[in-house]
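Report on one structure; see the data block that follows.
The values are calculated or read from the model by the stated rules, or taken from the named source; none is laboratory data. From a predicted model like this one, the values you see are computed outputs, not experimental measurements. Note that each Cβ is placed from the backbone with ideal geometry, even for glycine, and that neighbours are counted across all protein chains shown. Side chains are part of the model used for accessible areas, which takes the heavy atoms of the whole protein and leaves out ligands, DNA and RNA. Shrake-Rupley method; radii C 1.70, N 1.55, O 1.52, S 1.80 Å.
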Amino acid sequence: MYDLVIRNGTVVDGTGLPKYRADVGVSGDRIAAIGRIRERGKDEIDATGQVVSPGFIDGHTHMDAQVFWDPLGSCSCWHGVTTAVMGNCGFTLAPGSAAQRDLILSNIVRAEDISPEAIGAAVRWDWTTFREYMGVVDKLPKAINYAANIGHSALRTYVMGERAFGQQASHDDLGAMEHELLDAMDAGAIGFTSSLSTGHKLPEPDNRPVASNHGSWDELAQLVCAMGSTGRGIFEYAREKESRSLDPKVRKAVNDRLLDLAVKSGVPITFGMPAGTPGSQDLLKLLDDTAAAGGRMFGQTHTRGISHVLSFKGRLQFDDFPEWAQVRALPYEAQRKAFRDPETRKRLIEATQRGVYRTGGGEPRKPTYKHMYVVHNAVSGNPTVEALAAKRNVDPVEVMMDLAVESDFNQLFMQFDETTVPKSDEESLATLRHPRTVMTFSDSGAHVSLIMDTCIHTHLLAYWVREKNAFSIEEGVKMITLAPAVAWGFTDRGLVRQGCIADLNVFDPATIAPEMPTIENDLPTGARRLKQKSAGIMATVIAGKVAFRDGEHTGALGGKLLRSTAGGIQ
Ligand SMILES: [Zn+2]
């Protein structure tokens, strides 16, 4: 008898090959049979009219802290994600002793906008080495699977202490970093990550870039090559701003050295390159050139470009301006009055025109109203603030104030950065269709009060597959299952195939979609976050057990911390 039979569904197996009708039988945590199954299962799902696919794999998350207080792995778990790679961009909670805790965390809290209070309340710092940290994460209850990178900022801070934020590494420092990195790999870390993005800063008033930014390229290259000598591991990093320079020569110099590193180290290299990133045409070429030169490199794309979700109940770009701070500190009833008062409105609008906006990693940017949407639908079809302002013949900020008041402050706005917003569908599709990119740049677990890109997997299926018909369902599923599984090296995941781990989604291709985000204060100590569920996923199976049914957790906690081994990541 099977433990679970998913009956009458249409299998979209992750390979990109044509879908077919079949039952799927699960024994223990593995797929045991695919075909016409006559036996009963201890548990059964009637998947008539539904797609049965592999669980989705997200290669770019920052769940490192959240995994301590959220056994579900939300919001990823609500979008069909069954495996999340954490520790990206150099940001990890290990290595580092309890005494170094605040210094290690200073890298992460602003750059990734993760509440230090929530971390303080929920994380018992029971480790020094990365190996010990993995042992702690191993024991946490988990609904979904995780795999962990070791981060350069933590590694550098662990070895160099305060010197990590300004000094070059000595010979001994480098030796100590290398030693810890290799031990982390031996313990099952799946890769090494870093950030050369100067947008990743320490909390104010310090404002220095995070630790990884103070290392030389030679330091980075030496660590990547050391990892390469193990024959395992992937290198991910948030790229240097020169890669987005308007000067092609500047872009070429940093792209060339990256190509060289990929070839020299033998390590697969990956980085975020959502469509719209200046220089993204160079980057697509870089991926191909690296492959031609014998290296391995892949880009991480996004379904729509990174956006900030703003609202009067959450955060606004204007909150720091004194005129706004004064009003925003009031109870909503008083705010309502203020936003209706012509004199106050005038003052507030002027402040938005005069004010100096922040530019840090995950902070709301200066608005461009033609790239700011009034969100009524989580998939598409939303008007811009600029268009509504023209229609009403008012200032864009007035539109925002009016909509806030009219909606009892619930109206959400979605703002894309002018310099990185995809300019057309063609531009988005050029990066999504490139065979050396993976659609995975969710940043789940980070920026939880401002960015809600955890939904990109369901957004891909709702928008690009169903609405735009730009990909078949087989192609769309492959992009978020087998493609990331192969890129990161998940040996027995990403396919509906006998013998593979039974991480599966059962979803309705006609309705799967992200739902509207909401603002909640449900982090430890009541910190705020955006929360977003999805529609159309009937069941998510993890390690053979139904973990989510119609968006509700069943209580199953079969997720594991996956480890890199000589035989792949398992
Ligand atoms: Zn990241």
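Note on ARG163 and GLU427: the model spin-label points, each 7 Å out from Cα along the C-beta direction, lie 4.5 nm apart. CYS89 exposes around 10 Å² of accessible area when a 1.4 Å probe is run over every protein chain in place.
Give the value in nm², to one decimal: projected area of the alpha carbon convex hull of region 446-543, averaged over all directions.
On the way: hull surface 30.5 nm².
It is 7.6 nm².
Enter the accessible area of GLU323 (Å², nearest 10), with the probe set to 1.4 Å and all protein chains included. Rounded to the nearest 10, that gives 40 Å². A straight line joining the Cα centroids of region 1-80 and region 320-379 runs 43 Å. Taking a point 7 Å from the Cα of ASP550 along the Cα-to-Cβ direction, the residues of region 38-64 with backbone N closer than 14 Å to it are 46. For the pair ARG36 and ASP218, the difference between a 0.36 nm per residue extended length and the Cα-Cα distance amounts to 59.8 nm.
Here r is the Cβ-Cβ distance between GLN570 and GLU132 and R0 is 25 Å; the resulting FRET efficiency, rounded to 0.05, is 0.75. In region 139-296, taking the dipole from charged Cβ atoms about the Cα centre, the farthest positive-side position among PRO203, ALA221, ALA143 is held by ALA143. Distance between the C-alpha centres of region 92-153 and region 190-249: 19 Å, rounded to the whole angstrom.
Express in % the proportion of alpha carbon pairs of region 516-570 at distances exceeding 12 Å.
Details: 1103 of 1485 pairs.
Across region 516-570, Cα pairs with separations above 12 Å total 74 percent.
One Cα centroid belongs to region 258-280, the other to region 381-402; the line between them spans 39 Å. Rounded to the nearest 10 square angstrom, TYR146 shows an accessible area of 0 square angstrom against a 1.4 Å probe. Evaluating 6.51 cos²θ - 1.76 cosθ + 1.60 at θ = phi - 60° for every residue in region 462-472, the Karplus couplings come out as 6, 8, 6, 7, 7, 6, 8, 6, 7, 9, 6 Hz, glycine and proline recorded as x. Proximity of backbone amide H atoms, modeled 1.01 Å from N, is registered between VAL438 and GLY299, GLN300, THR301 at under 5 Å, excluding neighbours fewer than 5 places apart on the same chain.
Net charge dipole, the chain: roughly 780 debye, given to the nearest 20, about the Cα centre with Cβ charges of +1 for Lys and Arg and -1 for Asp and Glu. Set the Förster distance to 30 Å, then compute FRET efficiency between SER380 and ASP522 from the Cβ-Cβ distance, nearest 0.05. Plugging the Cβ-Cβ distance into 1/(1 + (r/R0)^6) gives 0.60.
Between the listed residues ALA334, MET1, THR48, the Cα displaced farthest toward the positive end of the dipole of the chain, a dipole computed from Cβ unit charges relative to the Cα centre, is found at THR48. Working note: Debye formula, equal point scatterers on the alpha-carbon atoms of region 276-372, no solvent; log10 I(q)/I(0) at q = 0.10, 0.18 Å⁻¹ is -0.46, -0.91. The charge dipole of region 226-342, taken about its Cα centre with unit charges on the Cβ of Lys, Arg, Asp and Glu (plus for the first two, minus for the last two), comes to roughly 220 debye. Per-residue 3J(HN,Hα) values for region 538-555, derived from phi via the Karplus relation 6.51 cos²θ - 1.76 cosθ + 1.60 with θ = phi - 60°, read 6, 8, 10, 9, 10, 6, x, 10, 5, 9, 9, 10, 6, x, 9, 5, 8, x Hz in sequence order (x marks Gly and Pro).
Working out 0.36 nm times the residue gap between GLU44 and VAL250, then minus their Cα-Cα distance, what length gain in nm do you get to one decimal?
Full extension of this stretch gives 68.4 nm more.
Taking a ≥ b ≥ c as the square roots of the eigenvalues of the alpha carbon gyration tensor, region 167-276 is oblate, as a/c is not under 1.5 and a/b does not beat b/c.
The smallest convex shape that holds all Cα atoms of region 1-142, its convex hull, gives 139 Å³ per residue.
Do you know the relative contact order of region 111-238, to the nearest whole percent, from alpha carbon pairs under 8 angstrom that are 6+ apart?
Taking the mean separation of contacting Cα pairs over the length of region 111-238, I get 30 percent.
Taking amide H as placed 1.01 Å from N in the peptide plane, the amide H of SER444 sits under 5 Å from that of HIS62, each at least 5 places away or on another chain.
What FRET efficiency comes out for the pair ARG497/LYS337, r = Cβ-Cβ distance, R0 = 56 Å, nearest 0.05?
Numbers: r = 62 Å, r/R0 = 1.10.
Result of the calculation: an efficiency of 0.35.
Of all DSSP beta bridges in region 77-215, what percent run antiparallel (nearest 5)?
Details: 1 of 8 bridges.
The antiparallel proportion sits near 10 percent.
Think of each Lys and Arg Cβ as +1 and each Asp and Glu Cβ as -1; about the Cα centre, that makes the dipole of region 437-570 roughly 300 debye. Model label points for ASP319 and GLU242, set 7 angstrom from Cα along the Cα-to-Cβ axis, are 3.5 nm apart. With bins 5 Å wide beginning at 0, the percent of Cα pairs of region 410-478 falling in each bin runs 3, 14, 20, 27, 20, 12, 3, 1, 0. Between ARG208 and ASP408, the modelled label-to-label distance comes to 4.9 nm, taking each label 7 Å out from Cα in the direction of the beta carbon.
Remind me, relative contact order of the chain in percent, using alpha carbon pairs under 8 angstrom and six or more residues apart? Display every interim value, and only then the final one.
Working: 1344 pairs, mean separation 120.9, N = 570.
Value for the chain: 21 percent.
In terms of its alpha-carbon gyration tensor, region 293-436 comes out prolate; a/c meets the 1.5 threshold, and the first ratio a/b outweighs b/c.
Looking at the chain, send over the antiparallel percent of its DSSP beta bridges, to the nearest 5.
Details: 44 of 79 bridges.
Close to 55 percent.
Mind checking the full-extension length gain between THR230 and ASP172? Use 0.36 nm per residue of separation minus the Cα-Cα distance, one decimal, nm. Length gained between THR230 and ASP172: 18.8 nm. The lysines whose alpha-carbon is closer than 19 Å to the alpha-carbon of LYS370, local same-chain residues fewer than 8 away aside, are LYS391, LYS423. Report for region 1-151 the percent antiparallel among DSSP-assigned beta bridges with both residues inside it, nearest 5. For region 1-151, the DSSP antiparallel bridge percentage is about 45.
Would you work out the Kirkwood radius for the chain? I mean one over the mean of 1/r across all pairs of different Cα atoms, in Å. Don't jump to the answer; show the numbers that get you there.
Details: mean 1/r = 0.0412 Å⁻¹.
One over the average 1/r among Cα pairs gives 24.2 Å for the chain.
I want to verify the translational diffusion coefficient of region 238-281 in µm²/s; compute it with Stokes-Einstein, Rh as the Kirkwood radius over Cα pairs, at 10 °C and 1.306 mPa s. Walk me through the intermediate numbers first.
Numbers: Rh = 11.1 Å.
D = 144 µm²/s.
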